[in-house]
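These notes are about the structure you will find just below.
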Amino acid sequence: MTDKTKTFAAQVRAVFEQAGPEGCSYQMLYRALAADGEGKAAARDRIMDVARYLVAAGYLAKDGHGSRAVFRRTGQAMHRPRLTDAQRADRKRQRNRRKSEKKRQGRAATVGVRASMIPKPVRQPPKAEPAAETVEQFLLRNGHIQRLPASWDLTA
């Protein structure tokens with residue numbers, strides 16, 4: 001049953017075509033696709049993913065939950081919608097817009113992180129400047145000037 005020329009989803013659909021109207025459970029799918037036994041967890045996960053996809057696409061109908069779930073064909077054909085050139089161009093524009101926004105957000109985040117790593121300058125308190133005043137201002141405050149004799153004044 002494992003024909004390598006088909007996709008995995010095509011192999012699962014082939015199992016359902018052979019199963020008939022009664023459908024298949026997960027165990028039947030595992031046996032049919034040789035995914036039962038030890039070390040086949042990845043194959044079983046792929047089968048479950050494909051089954052969910054086929055249910056979402058409307059190809060299968062699911063009855064029950066968990067390991068007791070049974071899948072039956074709905075009779076709808078699997079078709080892949082073909083996009084027009086305009087639709088493809090629109091999707092490409094949207095995808096490119098999302099990519100550029102994601103890059104821009106990433107750059108903005110790194111700039112913010114880098115800015116937060118720069119240490120903040122330590123704020124210095126203002127220095128106390130000595131008050132300088134002229135002799136006239138000192139005298140206006142009733143200051144008294146003491147004259148000390150200089151060596152050249154003594155000789156005269």
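The values are calculated or read from the model by the stated rules, or taken from the named source; none is laboratory data. Treat the numbers as computed from the prediction; the structure is a model and nothing was measured. Positions of Cβ are generated from backbone atoms using ideal geometry, with glycine treated the same way; all protein chains shown enter the neighbour counts.
Data overview
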{"item": "Selection status of residue 115, at pLDDT 85 or above, farther than 30 Å from residue 17 by Cβ and exposed (fewer than 10 other Cβ atoms within 10 Å of the Cβ)", "result": "no"}
{"item": "Selection within region 18-62 - more than 19 Å from residue 6 (Cβ to Cβ) and either in contact with an Asp or Glu (Cβ under 9 Å, 6 or more places away or on another chain) or surrounded by fewer than 11 Cβ atoms within 10 Å (Cβ to Cβ) (or both)", "result": "20, 21, 22, 23, 27, 37, 38, 39, 41, 56"}
{"item": "Any hit, region 84-91, residues being surrounded by 10 or more Cβ atoms within 10 Å (Cβ to Cβ) and more than 36 Å from the chain's Cα centre (by Cα)", "result": "no"}
{"item": "Candidate set: region 15-27, residues that are over 38 Å from the mean Cα position of the chain (by Cα) and of a type in the set (Gly, Ala, Ser); chosen: the one farthest from residue 48 (Cα to Cα)", "result": "20"}
{"item": "Which listed residue is part of a loop (DSSP other than H, G, I, E, B) and among the polar types (S, T, N, Q), from 124, 137", "result": "124"}
{"item": "Which numbered condition residue 58 misses (of (1) within 34 Å of the chain's Cα centre (by Cα); (2) at negative phi)", "result": "(2)"}
{"item": "Residue 80 being in a loop (DSSP other than H, G, I, E, B), free of Cβ contacts under 8 Å to residues at least 40 places away in the same chain and within 33 Å of the chain's Cα centre (by Cα)", "result": "yes"}
